[in-house]
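Remarks on the structure that follows.
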2 protein chains.
Amino acid sequence: MNMQLSIIKISGNIIDDEGKLTAFLDSFAAVKGKKILVHGGGKLATKVAEGLGIRQQLVDGRRITDSETLKVVTMVYAGTINKNLVARLQARGCDAMGLTGADGNSIRAHKRVHPEIDYGYVGDVDSVDAAFLTGLLMLDKTIVFAPITHDGKGLLLNTNADTIAQELARGLGRSFDVSLVYSFEKSGVLLDTDNEDSVIPRLGPAFYEELKAKQLIFAGMIPKLDNAFAALRSGVGRVIIGRAEELPLLLAGEAGTTIVHE
Amino acid sequence: MNMQLSIIKISGNIIDDEGKLTAFLDSFAAVKGKKILVHGGGKLATKVAEGLGIRQQLVDGRRITDSETLKVVTMVYAGTINKNLVARLQARGCDAMGLTGADGNSIRAHKRVHPEIDYGYVGDVDSVDAAFLTGLLMLDKTIVFAPITHDGKGLLLNTNADTIAQELARGLGRSFDVSLVYSFEKSGVLLDTDNEDSVIPRLGPAFYEELKAKQLIFAGMIPKLDNAFAALRSGVGRVIIGRAEELPLLLAGEAGTTIVHE
């Protein structure tokens with residue numbers, strides 16, 4: 001049996017809410033064994049960009065990472081957010097260290113190629129250096145990933161944090177028994193978005209399709225769930241969606257939604 | 001005989017000059033064996049602070065790192081500068097990874113205590129985790145340090161890069177044969193500041209005192225040289241001062257100023 005590894009992604013909403021973030025950090029520090037945290041961005045990048053007079057570029061309603069925006073996300077994600085999370089975990093006795101994909105060439109990506117839209121400095125992941133990350137985990141470090149990768153040619157790339165979590169789970173799934181947790185501000189996948197007690201404890205692909213057809217899945221959840229099912233199909237042991245403050249319960253299968261093969 | 005380790009500090013002047021920085025990175029990537037880069041700040045932090053409307057605090061002519069300035073230096077040093085250096089070294093085939101002192105608890109510090117001046121969020125170094133850093137070097141990683149440490153209680157601290165380089169040299173001096181290089185925009189310690197050919201190849205404490213007494217040492221060099229002599233006294237094998245673009249020559253003893261015991 002392989003060693004357990006928990007890969008936990010937190011959404012920007014948690015980072016933006018000091019009370020929830022503190023509760024999350026307590027909960028994360030309490031998770032036993034090897035673990036990796038992947039964080040998103042939150043509103044700070046928008047605030048810093050506004051402060052510096054950098055306009056958000058939108059093409060056909062989609063956000064574009066132009067070179068000025070790349071500078072801001074590098075500052076905010078890899079600097080402010082990543083280093084504060086690391087320092088605050090250290091204060092909780094969790095021996096954290098921060099990485100971007102450029103660090104130790106841990107996640108290599110390429111600038112997104114799209115037939116119609118130039119997304120700018122956005123990365124699609126090519127490879128994860130599982131041996132290096134395993135080496136760090138074996139030094140008893142908890143890894144904290146910022147959503148930035150690189151192309152190996154000197155370019156940093158803004159990269160979706162859900163995707164990073166999924167690629168890490170896939171890359172490390174050969175050496176570890178991985179539990180992948182998408183944690184956010186809700187109790188799990190809800191049957192009724194206004195009722196936190198309506199958590200679906202187990203969700204398989206057939207039920208998911210049915211809920212989508214009936215438009216019972218909140219639009220913002222669809223990319224997250226698509227990623228979750230893709231991760232399962234690619235060999236990740238378990239995928240769980242639930243509240244950031246309840247990590248030990250989520251990992252014990254006592255809260256949240258577990259995504260299942262059928 | 002211990003393994004060789006080169007610890008190289010670059011000044012902010014190099015970071016601010018794209019031509020010199022490119023030449024430095026080529027030169028750094030060409031250095032053989034285990035190596036650590038320690039970088040300072042440069043003018044970008046001042047520019048970002050101005051852009052965000054954050055005023056530089058001065059007390060009795062000394063810079064103070066207030067909480068807003070700490071946010072800016074964390075962004076710029078640990079985010080922008082560190083990650084761009086890492087990505088650009090990766091592009092040169094140098095397997096770099098960036099750290100602050102918070103990462104892996106590699107450098108622990110405390111907020112400076114001073115009888116008269118509150119310097120704000122400035123760190124004085126307490127300890128270096130040589131075992132962890134040795135572990136990374138043994139994974140064949142080149143470490144790139146940003147001048148930020150932490151206090152273990154959740155606080156990040158702005159920390160002088162010359163001091164970080166010196167503390168790393170001291171902490172790793174037990175396991176490695178360390179060459180510590182302070183690289184900058186001049187050819188070495190100059191007898192005549194206007195003449196790049198007047199490099200003093202070897203400088204011992206007696207000659208240094210004589211030059212200081214005659215006011216032949218440029219004021220900005222004094223803290224750097226004081227650090228260099230302190231490093232030698234604390235057991236660092238070699239200390240060299242010279243031009244950032246000439247690293248292999250500096251390490252071979254063919255350029256720059258070597259600081260000697262006598």
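What follows is calculated from the coordinates using simple rules that are stated; it is not laboratory data. In this text, all values refer to a predicted model and were calculated from it rather than measured experimentally. For neighbour counting, all protein chains shown are included, and Cβ atoms are generated from backbone atoms with ideal geometry for every residue, glycine included.
Looking across region A:139-158 at every residue that is at the interface with another protein chain (Cβ under 9 Å from one of its Cβ atoms) and farther than 29 Å from A:Thr65 by Cα, the one that is nearest to the chain's Cα centre (by Cα) is identified as A:Lys141. Considering each residue of region B:109-130 in turn, none proves to be within 8 Å of chain A (Cβ to nearest Cβ) and either crowded, with 18+ Cβ neighbours inside 10 Å or outside any strand (DSSP E or B) (or both).
Residues in region A:58-72 that are assigned to a helix (DSSP H, G or I) and more than 7 Å from chain B (Cβ to nearest Cβ): A:Ser67, A:Glu68, A:Thr69, A:Leu70, A:Val72.
Quick test of your reading of the structure: B:Met138 fulfils all but one of (1) touching a helix residue (DSSP H, G or I) at 6+ places or on another chain (Cβ under 7 Å); (2) surrounded by fewer than 19 Cβ atoms within 10 Å (Cβ to Cβ). Name the failing condition by number. If we test B:Met138 against (1) touching a helix residue (DSSP H, G or I) at 6+ places or on another chain (Cβ under 7 Å); (2) surrounded by fewer than 19 Cβ atoms within 10 Å (Cβ to Cβ), just (1) comes out false. Residues of region A:73-83 being facing another protein chain (nearest Cβ under 7 Å) and either within 14 Å of A:Thr159 (Cα to Cα) or not hydroxyl-bearing (Ser, Thr, Tyr) (or both), which ones? Answer for region A:73-83, where residues must be facing another protein chain (nearest Cβ under 7 Å) and either within 14 Å of A:Thr159 (Cα to Cα) or not hydroxyl-bearing (Ser, Thr, Tyr) (or both): A:Thr74, A:Met75, A:Val76, A:Ala78, A:Gly79, A:Lys83. Scanning region B:198-227 for residues that are in contact (Cβ under 8 Å) with a residue 60 or more places away in the chain and among the hydrophobic types (A, V, I, L, M, F, W, C) turns up nothing.
Those helices (runs of 4 or more DSSP H) of region B:200-262 in which 1 or more residues are exposed (fewer than 13 other Cβ atoms within 10 Å of the Cβ) occupy B:205-213, B:221-233.
Scanning for something more than 25 Å from A:Asp95 (Cβ to Cβ) and at the interface with chain A (Cβ under 8 Å from one of its Cβ atoms), does region B:91-106 turn up at least one residue? Yes, region B:91-106 has at least one match. For B:Leu37, the conditions (1) away from chain A (no Cβ under 12 Å); (2) in a strand (DSSP E or B); (3) of a type outside the set (Asp, Glu); (4) in contact with a Gly (Cβ under 7 Å, 6 or more places away or on another chain) all hold with the exception of (4).
Of the residues examined, B:Val86 is one that is within 8 Å of chain A (Cβ to nearest Cβ) and of a type in the set (Val, Ile, Thr).
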